[in-house]
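Reading through the structure tokens given below for one structure.
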Amino acid sequence: MINAVIVDDESKARQTIEEMLKTYCPQVSIVGQADSVENAFEIINHTKPDVVFLDIRMPDGTGFDLLKRFESVWFHFVIITAFEDYAVAAFKYSAIDYILKPIDPSDLYAAVEKLSRTINLEENKKKIDTLLSNVDNPNSKPNKIVLKTSDNIHVVDIQNIVRCESQNNYTQFFFESGKSILISKTLKEFDDMLAASGFIRVHQSHLVNKRFVKQLKRFPQLKLIMFDDSEIPVAVRKKDYIIEQMEGR
Amino acid sequence: MSTKRLIIGLTLTLFVAIPSFVSGSNMASDSIQHQAAPCSELASRGKNEAWIVSRPDFFVIHIPKKPLPVAIAIATTLFLGILVLSVYGRTKQIKYKTRNMELEQQLLISQMNPHFVFNSLTAIQSYIFRKDPHQAGKYLASFAKLVRLILENSRSEIATIDKEVKTLEYYLELQSMRFEDKFDYEIVVDSEIFRDEMGIPPMLAQPLIENAIEHGISHIQEKGLITIRFSLQGKNIILEVEDNGIGINESIRIQKEKGKKYQSLATNITTERLKKLRQAKGYKIDLTIIDKSERNSNERGTLVKLAIPYKYA
């Protein structure tokens, strides 16, 4: 059995989640419900759930405020929110699981399936720290991103990423320091995320940080010369788009 | 505007160029005679003899010695100048039009507040999962009616007060269902207003009502009251949204306490939309926000006033 607590200020929303869990995730047992940050803090400490389904906006604070109150977040949490706004971008960068309202039952099912037996406290901490650092200044763009390799979790400054290269269903990240890591997500996912941070897809398998581009070489082949003189192929049909993007940086 | 400029330019150029070509190609003095002759003929036929007869003198005296190069130079310069001006004007006009179209599109989108749409859908889903098909059906129907009205309104830049009232009624009904009768509401329209003739940009009140509920009324224990008022003042329709919530000052204080991360989305939507209406349509709409306790310490709540120039729909 997976023990769960539902935190949402609207009773209707809590009932909905409860009903959905009963129907689609019978392995989940609901051990408590809370309608405020204060309440949730107590109930979580009291019932020690495996997972918390967490709304963001509550009358006495936010779901983030609740996470902040725990010295160590020793439970899984899945954020459930109605708004596709800046917070959602922050979740993506922080590799935090979230579900949008109205809830798609298959999203809920997938989130529950993903919960592992053991909780990696360090991983949770890194995710939450990244989330908070990205959410704290909603006006500026996220500055950090969480990257999970098969055996580790990395929090990196976005502006230290030089480029990303597609390796089938994986993405290889290259950093300013010369290091590189392989992440088990497609380049497309990072393209969507990092476009707002000055990254540009120059080729089917290449996403580069504009900041590290030195020049565009036209002859004999269209190529980007990076800051360390490495060369990145460029899709010919994207030439004009790339020039436009580079001029605008 | 630029087309007009082009026509004026070309006409001017022709005026300068043609006489000079004509006079230039017949530089000999007999040509002046030749030109003068028909004039004299005309004069003899004309009624105002004295004036026309004096014309040949005018020609003789004022013809420049070397009119050809000068005239051509002037004509060319003028022509080129005007061409450049009109091309420039045309480009600017196209840019302006594109910008305007973008603004109009954004205006349409801003009527359909995503906040509200997703809240409504979530509410409907919750009725379904709580096995309350009647409530779900009722909510869904009201939502559909509202969406239909909004889509209808979105095709025109203004909505009659009649339509606007209907839209707001559906909207308030949905919100009161969602907040489980936490508030009552009333819509008052002054009798001086021609409800089915006068119109304003649609859905301006909606984000303001959302504010009244979420930042005003949600914080009080007793039942809330939201009053929407339409009144006439000169060339403006005054649209008021009044609530008996905690008041904007207190609400801002609470927001700040929470770290002001959630500044009101609705106010942003409204100011953004007012800005766009001004840019795209030249609409000057004034927004005033009053904390009622500042006016009278016995009162509580927020009053938002919009002064909107009305148009006839």
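Key figures
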{"quantity": "Dipole axis of region A:2-136 (+1 Lys, Arg; -1 Asp, Glu on Cβ), positive-most option in A:Val37, A:Ile128, A:Leu54", "calculated": "A:Ile128"}
{"quantity": "Interface size B-A, as summed buried accessible area [1.4 Å probe, Å², nearest 100]", "calculated": "1900 Å²"}
{"quantity": "Region A:1-128 - accessible surface per residue (Å², probe 1.4 Å)", "calculated": "43 Å²"}
{"quantity": "Partner chain coverage, peptide B:124-131 - average Cβ within 10 angstrom", "calculated": "6"}
{"quantity": "Label point at B:Lys131 placed 7 Å out along Cα→Cβ; residues across region A:1-41 whose backbone nitrogen lies under 18 Å", "calculated": "A:12-26, A:30"}
{"quantity": "Residues whose placed amide H lies under 5 Å from that of A:Leu224, excluding near-sequence neighbours", "calculated": "A:Lys217, A:Ile232, A:Val234"}
{"quantity": "Peptides ranked, highest mean first, by Cβ atoms within 10 Å: ranges B:276-288, A:15-27", "calculated": "A:15-27, B:276-288"}
{"quantity": "Average Cα contact separation per residue, chain A, under 8 Å, 6 or more apart, as relative contact order %", "calculated": "10 percent"}
{"quantity": "10 Å Cβ neighbours from other chains, averaged over peptide A:5-16", "calculated": "3"}
{"quantity": "Computed [θ] at 222 nm, deg cm²/dmol, chain A (DSSP H ≥ 4; -39,500 (n - 2.57); rounded to nearest 500)", "calculated": "-10000 deg cm²/dmol"}
{"quantity": "Segments A:5-14, A:143-152, A:88-97 sorted - mean Cβ within 10 Å per residue, highest first", "calculated": "A:5-14, A:88-97, A:143-152"}
{"quantity": "Net dipole in debye of region A:2-136 [+1 Lys, Arg Cβ; -1 Asp, Glu Cβ; about Cα centre; nearest 20]", "calculated": "360 debye"}
{"quantity": "Vicinal HN-Hα couplings computed from phi for region A:200-213 (Karplus, 6.51 cos²θ - 1.76 cosθ + 1.60; Hz; Gly/Pro x)", "calculated": "9, 7, 9, 7, 3, 10, 9, 10, 10, 7, 3, 4, 9, 8"}
{"quantity": "Around A:Leu222: net Lys/Arg minus Asp/Glu count, Cβ-Cβ under 13 Å", "calculated": "+4"}
{"quantity": "Amide H partners (placed H, <5 Å) of A:Val78, local residues excluded", "calculated": "A:Val52, A:Phe53, A:Leu54"}
{"quantity": "√(5λ) per eigenvalue of the Cα gyration tensor, chain A, largest first, Å", "calculated": "40, 17, 16"}
{"quantity": "For region B:112-312: rounded, prolate or oblate by the Cα gyration tensor [a/c cutoff 1.5]", "calculated": "oblate"}
{"quantity": "Pairwise centroid distance, computed over Cα atoms, of region A:32-108 with region B:183-217, Å", "calculated": "35 Å"}
{"quantity": "Cα gyration tensor category, rounded, prolate or oblate, for region A:15-149 with a/c compared to 1.5", "calculated": "rounded"}
{"quantity": "Net dipole in debye of region A:157-247 [+1 Lys, Arg Cβ; -1 Asp, Glu Cβ; about Cα centre; nearest 20]", "calculated": "260 debye"}
{"quantity": "Carbon and sulfur %, accessible surface of region B:137-254 computed with the full protein complex present, 1.4 Å", "calculated": "49 percent"}
{"quantity": "Region B:77-83 - phi-based ³J(HN,Hα) in whole Hz, Karplus 6.51/-1.76/1.60, Gly and Pro as x", "calculated": "4, 4, 4, 5, x, 5, 4"}
{"quantity": "Surface per residue (accessible, 1.4 Å probe) for region A:157-247, Å²", "calculated": "55 Å²"}
{"quantity": "Sequence-distant residues sharing a close amide H with A:Val28 (under 5 Å, placed H)", "calculated": "A:Ile2"}
{"quantity": "Accessible area of region A:157-247 belonging to carbon and sulfur atoms, whole % at 1.4 Å probe", "calculated": "46 percent"}
{"quantity": "Per-residue HN-Hα couplings for region B:128-143 [Karplus 6.51, -1.76, 1.60; θ = phi - 60°; Hz; x = Gly/Pro]", "calculated": "4, 6, 8, 6, 10, x, 5, 5, 4, x, 5, 4, 4, 5, 5, 4"}
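The values are calculated or read from the model by the stated rules, or taken from the named source; none is laboratory data. Just so you know, these numbers come straight off a predicted model, no measurement behind them. Heads up, the Cβs are rebuilt from the backbone with ideal geometry, glycines too, and the neighbour counts pull from every protein chain shown. Keep in mind that these areas ignore ligands, DNA and RNA; they rest on the heavy atoms of the full protein, side chains included. Shrake-Rupley method; radii C 1.70, N 1.55, O 1.52, S 1.80 Å.
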